[in-house]
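Written out below as structure tokens is the structure these notes cover.
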Amino acid sequence: MEIQVNGLATAVADGATLADLIAQLDLTQRRIAVELNREIVPHGQYQSRTLQSGDQVEIVHAIGGGQGDPLVIAGKAYRSRLLVGSGKYKDLEETRLATELPAPKSSPSPSAAATSARTPTSPTCST
């Protein structure tokens, strides 16, 4: 049968449990959190939760460590490298790019807009 894992179609055996899926993905020794159809499933329930065709599973895992240089995301520097992610992005650079805040758009200041709204226009006269 087919389910979605982190947004990707994934084939699993009929009657497979979350524990079976985790083993299939080689994640049994990883520190992970699992969400099944928008509900967080406690680790102790992985074996008892049977998957159904069309189920949506999200798996996130922690990546620990630290380095001398800070990780800068959206202008904020982080010294710790403890990250939680869905695996959606292939590497830290892609994750950084996806989490950066977009540059603010230029727009007229509110006072300039208010002034132009209050300034009457004079009709043009021709004689």
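The values are calculated or read from the model by the stated rules, or taken from the named source; none is laboratory data. Remember, predicted model here, so these are calculated numbers, not experimental data. Ideal geometry is used to build each Cβ from the backbone, glycine not excepted, and the neighbour counts take in all protein chains shown. In case anyone asks, the SASA skips ligands and DNA or RNA and just uses the protein heavy atoms, side chains included. Shrake-Rupley method; radii C 1.70, N 1.55, O 1.52, S 1.80 Å.
Observations
Yes/no per residue for (1) modelled with pLDDT of 70 or more; (2) within 27 Å of D14 (Cβ to Cβ); (3) over 16 Å from the mean Cα position of the chain (by Cα):
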{"position": "Y46", "(1), (2), (3)": "yes, yes, yes"}
{"position": "Q52", "(1), (2), (3)": "yes, yes, yes"}
{"position": "V60", "(1), (2), (3)": "yes, yes, no"}
{"position": "Q67", "(1), (2), (3)": "no, no, yes"}
{"position": "R79", "(1), (2), (3)": "no, no, yes"}
{"position": "L83", "(1), (2), (3)": "no, no, no"}
{"position": "D91", "(1), (2), (3)": "no, no, no"}
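- If you go through the stretch 5-41 and keep only what is assigned to a strand (DSSP E or B) and open to solvent by 40 Å² or more (accessible area, probe 1.4 Å), you end up with L8, A9, A11, A33, E35, E39, I40.
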